[in-house]
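Asker: What follows is a single structure, and I will ask about it in a moment.
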Amino acid sequence: MKCIVCMTHVPDTASIIKIGADGKHIDETGIKWIVSPYDEYALEEALKLADEGKADEVTVVTYGPQRAEAGLRECLARGAHKAVHIVGGEKTLGDSLAIAKVLAAALKDREYDVILVGVKGVGTDNSQVGQMLAELLDLPHVSNVVKIDWNDGAVAVEREVEGGHEVVESPLPAVLTAQKGLNEPRYAALKGIMAAKRKPVEKIELSALGLDEDTLAGADATYNVRSLELPPEKAAGTIIQGEDDPQAAAAELVKLLHEEAKAF
Amino acid sequence: METSVGEQYEQVRDLVVSFCKKKIAPGAAKRDQSAEFPSGILHEMGELGLFGIFVPEELGGAGMDLMTYLMIIEEIAKVDASIAVTISVTNSVCGWPLLHFGTREQQERYLRPIASGEELGGFMLTEPEAGSDAASLKTRYRDVGDAFILNGTKAWITNAGVAKTFVCMATKDPSLGAHGISAFILDADQEGVIFDKPEEKMGLRSSKTGMVTLDNVRVPKSALLGREGQGFSIALATLDHSRLGIAAQAVGIARGALEEALRYARDRRQFGRPLYDHQAIGFRLAEMDTEIAAARALLQEAARAAMTPRRHSRESARAKLFASEMCNRVVASAIQIHGGYGYSKEYAIERMYRDARVTTVYEGTSEVQKIVISRALKQAAESL
């Protein structure tokens, strides 16, 4: 089998996010970039197939700026065989359809049996690229995947639904979007990190796909950020002083829990 | 350390920091109390390539440079000094002499399984009556034609009972002094290698250290490391290298202690404000930070010297001396900042204080480092 894994390079989930000067983007100063955790699940599933001898090629694809190459190298270090870097994406950030169009254009003439994508890119959290990509490539898709049984030319997939799991069968090739719980992603071994330096990263310019970023972000845009705002700061907690009269303090606590917090 | 060249350096640091946070840090306090050896974690670390960090890839290692190795030891020591020494000993006092003095056959047979993460390694120099005066060791070997027979007792052996391969020093005749000593590669599973129960230590409690008795151990001729009589010089060269790892461990423990102290000084309020707003505390933190940076700079200088072909005994001894003494000052300061809570096992600083103590003792005491440095100075004085 040949597996494609789509990867997006996102701010570390532990980053302290600040809004940039234009009010529409985050301030990228000092941000550490990582492989989106949901894409790690997607990659791990492909690498497990390779470990079991069921997949002979795992290719990681990203559409992102130059720095995203570090994310591809991380995936190569964990064991992916090849990487494809479609350079760009700064103007279409968060526009799921634009991203899906670019990925579809890059993938349409490639050979693959499955495309694995994280259920969402951490940060923008749109949860749409996988499904849109499947539509553009005219492939079946299953989202929110937490378990995959690989059969000959088909998969039986468990997907997370409200209150339980749904089992879906799909022919291959298909697009599957990986949800937390699918597996536990591995670490890159030191040898893998060294080996990744020697693995190929294919660079593709948007023009070679017959696309350009200005059109994607302009005339064809389906997504437009008006402004970004940080959530309001959490209000400080209340401390009830009770050393002198614990009974009164307990009564006050019960009253506040009931009337203010409406805990009961 | 910013002097490193490899672009993979930061990637390796991210990997190690993330592994430490998820896998090592959560159980560190519990392992300290139970003195349980973390076999499962070490197995994973072996698979990641952390047993053969600077062993070339063609011998199954990770092929990284010395700076990367030291950064890894420092990051591990920051969260668990016990695991740091287990890893450091395997890479350094066992892996390094096999790499530098072993034949290709010896490297294939003994180094490859270590470098590829299957086995731990160790080093047998110290004896009950030969500590700082290592050249007076009494473990004897005799040549019986097709093999050597070793007899004696080794003490304070890190990874005793958990490692498979040891580099072991023995003498043909104690009256020959340093020139009588040879280095052998010892397989822990050989008949006559008897591991005593591990020592009950003050710190580094989840690393294993113990006495080893060698009772007519038959070592094949092919397991002589280097030439006969070269053993003591192999031991000294190995220590020049391994002291860098212990200096890195000391810097790591100190960084961990500073972080604990900072967190406490931020959260603890006295006299109406956080501790770190009291100048006495703020100044102490500033001194700790400066001392750590100074030790690290010395370590980097020694590491740069070690990456050249010339001997670097003085640089290694300086870095190890300063880093270990600094580490003890920093953990003591961190306890002082914690006040009474620092004396409680509920706070990680109590463990760090105990773990730090051995750094001025093992891999050559501070006094031995001063002997090494002052001898080098005396030599330099002659050409003044």
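The values are calculated or read from the model by the stated rules, or taken from the named source; none is laboratory data. Since this is a predicted model, take the numbers as computed values, not measurements. With ideal geometry, Cβ positions are generated from the backbone for all residues, glycine too; neighbour counts draw on all protein chains shown. We work out accessible area using only protein heavy atoms, side chains counted, and drop any ligands, DNA or RNA first. Shrake-Rupley method; radii C 1.70, N 1.55, O 1.52, S 1.80 Å.
Asker: Could you go through segment A:169-174 in sequence order and give the Karplus-derived ³J(HN,Hα) for each residue, using 6.51 cos²θ - 1.76 cosθ + 1.60 with θ = phi - 60°, rounded to whole Hz, and x for Gly and Pro?
Answerer: 9, 9, x, 9, x, 8
Asker: Could you work out the helix-only [θ] at 222 nm for the protein assembly as shown, with each DSSP H run of four or more residues adding -39,500 (n - 2.57) and the total divided by the number of residues, to the nearest 500 deg cm²/dmol?
Answerer: That comes out to -12500 deg cm²/dmol.
Asker: Where both partners of a DSSP beta bridge lie in segment A:2-217, what percent of those bridges are antiparallel, to the nearest 5?
Answerer: Details: 18 of 46 bridges.
About 40 percent, rounded to the nearest 5.
Asker: Over the protein assembly as shown, what percent of the accessible surface lies on carbon and sulfur atoms, probe 1.4 Å?
Answerer: Roughly 51 percent of what the probe reaches on the protein assembly as shown is carbon or sulfur.
Asker: A follow-up question, please. At 0.36 nm per residue, minus the direct Cα-Cα distance, what do A:Arg110 and A:Thr222 gain on full extension? Give it in nm, one decimal, please. Walk me through the numbers before you get to the answer.
Answerer: Details: separation 112, 0.36 × 112 = 40.32 nm, distance 2.67 nm.
Result: 37.6 nm gained on full extension.
Asker: Also, quick follow-up: Once you order the gyration tensor axes a ≥ b ≥ c over the Cα atoms, which shape class does segment B:40-107 get: rounded for a/c under 1.5, otherwise prolate or oblate by comparing a/b with b/c?
Answerer: prolate
Asker: Among B:Ser333, B:Ala348, B:His312, flag the residue with its Cα farthest along the positive direction of the charge dipole of segment B:281-367, charges on Cβ as +1 for Lys/Arg and -1 for Asp/Glu.
Answerer: Of the options given, the answer is B:His312.
Asker: Which three extents, in whole angstrom, do the alpha-carbon atoms of segment A:2-217 cover along their principal axes, largest first?
Answerer: Per principal axis, max minus min of the Cα coordinates gives 50, 39, 37 Å.
Asker: Just to verify a number: FRET efficiency for B:Thr290 and B:Glu58, C-beta to C-beta distance, R0 = 41 Å, to 0.05?
Answerer: 0.45
Asker: Once you put a point 7 Å from the Cα of A:Gln66 and another 7 Å from the Cα of B:Asp143, both along the Cβ direction, what distance in nm separates them?
Answerer: For A:Gln66 paired with B:Asp143, the spin-label model returns 6.3 nm.
Asker: To continue, here is another question. Starting from a Cα-only point model with no solvent, please compute log10 I(q)/I(0) by Debye for segment B:7-120 at q = 0.11, 0.19, 0.23 1/Å.
Answerer: -0.33, -0.94, -1.28
Asker: Give me the accessible area per residue for the protein assembly as shown, probe 1.4 Å, as a whole number in Å².
Answerer: In whole numbers, the protein assembly as shown has 47 Å² accessible per residue.
Asker: Can I ask one more? HN-Hα J couplings of segment A:98-109 from phi, Karplus 6.51/-1.76/1.60, θ = phi - 60°, integer Hz, Gly and Pro as x?
Answerer: 4, 5, 4, 4, 5, 4, 4, 5, 6, 9, 4, 9
Asker: Now a separate question. Give me Rg/Rg_expected for the protein assembly as shown, where Rg uses Cα atoms only and Rg_expected = 2.2 N^0.38 Å with N residues.
Answerer: This ratio for the protein assembly as shown stands at 1.14.
Asker: Search the structure for amide H atoms under 5 Å from the amide H of A:Lys203, placed 1.01 Å from N in the peptide plane, and list their residues when 5 or more places away or on another chain.
Answerer: Answer set, sorted by chain and number: A:His85.
Asker: Over all distinct Cα pairs, what is the inverse of the mean 1/r for chain B, reported as the Kirkwood hydrodynamic radius in Å?
Answerer: With all distinct Cα pairs of chain B included, I get 21.3 Å.
Asker: Read phi for every residue in segment A:154-160 and hand back ³J(HN,Hα) as whole Hz from Karplus 6.51 cos²θ - 1.76 cosθ + 1.60, θ = phi - 60°, with x for Gly and Pro.
Answerer: Those phi angles translate into 8, 9, 10, 10, 9, 10, 7 Hz.
Asker: With a 1.4 Å probe, how much accessible area is buried between chains A and B, both sides summed, in Å² to the nearest hundred?
Answerer: 1500
Asker: On to the next question. Please state the shape class of segment B:112-243: rounded when a/c is under 1.5, otherwise prolate if a/b exceeds b/c and oblate if not, all from the C-alpha gyration tensor.
Answerer: It comes out rounded by the Cα gyration axes.
Asker: FRET efficiency for B:Asp196 and B:Arg266, Cβ-Cβ distance as r, R0 = 45 Å, nearest 0.05?
Answerer: 0.50
Asker: Something else about it: Where is the GNM fluctuation largest for chain A (alpha-carbon springs, 10 angstrom cutoff): A:Gln241, A:Gln131, A:Gln179?
Answerer: Maximum fluctuation in the GNM of chain A, among the listed residues, is at A:Gln241.
Asker: Rank by packing, highest mean first: peptides A:256-263, B:270-277, B:342-349, with packing defined as the count of other Cβ atoms within 10 Å averaged across residues. Don't jump to the answer; show the numbers that get you there.
Answerer: Working: A:256-263: 10.0, B:270-277: 12.8, B:342-349: 16.1.
So the peptides A:256-263, B:270-277, B:342-349, ranked by packing, come out B:342-349, B:270-277, A:256-263.
Asker: Can you pull out the GluC sites (Glu not before Pro) in segment A:78-155 whose DSSP state is coil and whose Cβ has at most 13 other Cβ atoms within 10 Å?
Answerer: Counting only loop positions with at most 13 other Cβ atoms within 10 Å, the GluC sites (Glu not before Pro) in segment A:78-155 are A:Glu90, A:Glu111.
Asker: Magnitude of the Cβ-charge dipole of segment B:232-379, K/R +1 and D/E -1, about the Cα centre, nearest 20 debye?
Answerer: 300
Asker: Next up: Tell me, what is the FRET efficiency for A:Glu229 and B:Glu118 to the nearest 0.05, using R0 = 60 angstrom and their Cβ-Cβ distance as r? Write down the numbers at each step before the final one.
Answerer: Values: r = 54 Å, r/R0 = 0.90.
E between A:Glu229 and B:Glu118, to the nearest 0.05, is 0.65.
Asker: For B:Arg269, B:Arg140, give the ranking by accessible area with the largest first, probe 1.4 Å. Walk me through the intermediate numbers first.
Answerer: Values: B:Arg269 140, B:Arg140 110 Å².
So the residues, ranked largest to smallest area, are B:Arg269, B:Arg140.
Asker: With every protein chain left in place, what is the accessible area of A:Lys199 in Å² (1.4 Å probe, nearest 10)?
Answerer: About 50 Å², ignoring ligands and nucleic acids.
Asker: Can you pull out the GluC sites (Glu not before Pro) in segment A:21-82 whose DSSP state is coil and whose Cβ has at most 15 other Cβ atoms within 10 Å? Before the final figure, lay out each step's value.
Answerer: Numbers: sites: A:Glu28, A:Glu40, A:Glu44, A:Glu45, A:Glu52, A:Glu57, A:Glu69, A:Glu74; in loops: A:Glu28, A:Glu52.
Answer by residue number: A:Glu28, A:Glu52.
Asker: Another one. Take B:Leu377 and B:Ser132, extend 7 Å from each Cα along the Cα→Cβ direction, and tell me the distance between the two endpoints in nm.
Answerer: With each label point 7 Å from Cα toward Cβ, the separation is 1.6 nm.
Asker: May I pose another question? What is the spin-label model distance, in nm, from B:Val361 to A:Ile239 if the labels are put 7 Å beyond Cα along the C-beta direction?
Answerer: 4.2
Asker: Sticking with this one: Rounded to a whole number, what is D in µm²/s for segment B:341-384 from Stokes-Einstein with the Kirkwood radius over alpha-carbon pairs (10 °C, 1.306 mPa s)? All intermediate terms of the calculation are to be shown ahead of the outcome.
Answerer: Numbers: Rh = 12.9 Å.
Rounded, D is 123 µm²/s.
Asker: Next question. Report which residues of segment A:186-229 become buried by 30 Å² or more of accessible surface when going from the isolated chain to the complete set of protein chains (1.4 Å probe; DNA, RNA and ligands ignored).
Answerer: So the qualifying set is A:Tyr187, A:Ala189, A:Leu190, A:Lys191, A:Ile193, A:Met194, A:Lys197.
Asker: Continuing with this model, one more query. So, with +1 on the Cβ of K and R and -1 on the Cβ of D and E, and no other charges, what is the size of the charge dipole of the protein assembly as shown about its Cα centre, to the nearest 20 debye?
Answerer: 2440
Asker: In addition: For B:Tyr341, project a label point 7 Å along Cα to C-beta. Then give me every residue of segment A:223-250 with its amide nitrogen under 19 Å of that point.
Answerer: A:237, A:239
Asker: Amide H neighbours of A:Val61 under 5 Å, at least 5 residues apart or on other chains, H built in the peptide plane: list them.
Answerer: The answer is A:Val5, A:Cys6, A:Met7, A:Val84.
Asker: When the C-alpha atoms of segment B:230-384 are aligned to their principal axes, what extent does each axis show, in angstrom, from largest down?
Answerer: Computed over the Cα atoms, the extents are 62, 32, 24 Å.
Asker: What three numbers, in Å, describe the spread of the alpha carbons of segment B:228-316 along their principal axes, ordered from the longest?
Answerer: Rounded to whole Å, the extents work out to 69, 20, 16 Å.
Asker: To continue, here is another question. Under the 0.36 nm per residue contour assumption, what length would be gained going from the current alpha-carbon distance of B:Ala35 and B:Arg329 to full extension?
Answerer: Taking 0.36 nm per residue and subtracting the Cα distance, the gain is 103.3 nm.
Asker: Counting partner chain Cβ atoms within 10 Å of every residue's Cβ in B:11-21, what's the average? Could you put the intermediate results ahead of the total?
Answerer: Working: counts 10, 5, 0, 8, 8, 2, 0, 2, 1, 0, 0.
So the per-residue partner count for this stretch is 3.
Asker: What per residue convex hull volume, in Å³, comes out for segment A:118-264 when only alpha-carbon positions are used?
Answerer: In segment A:118-264, the Cα convex hull volume per residue is 280 Å³.
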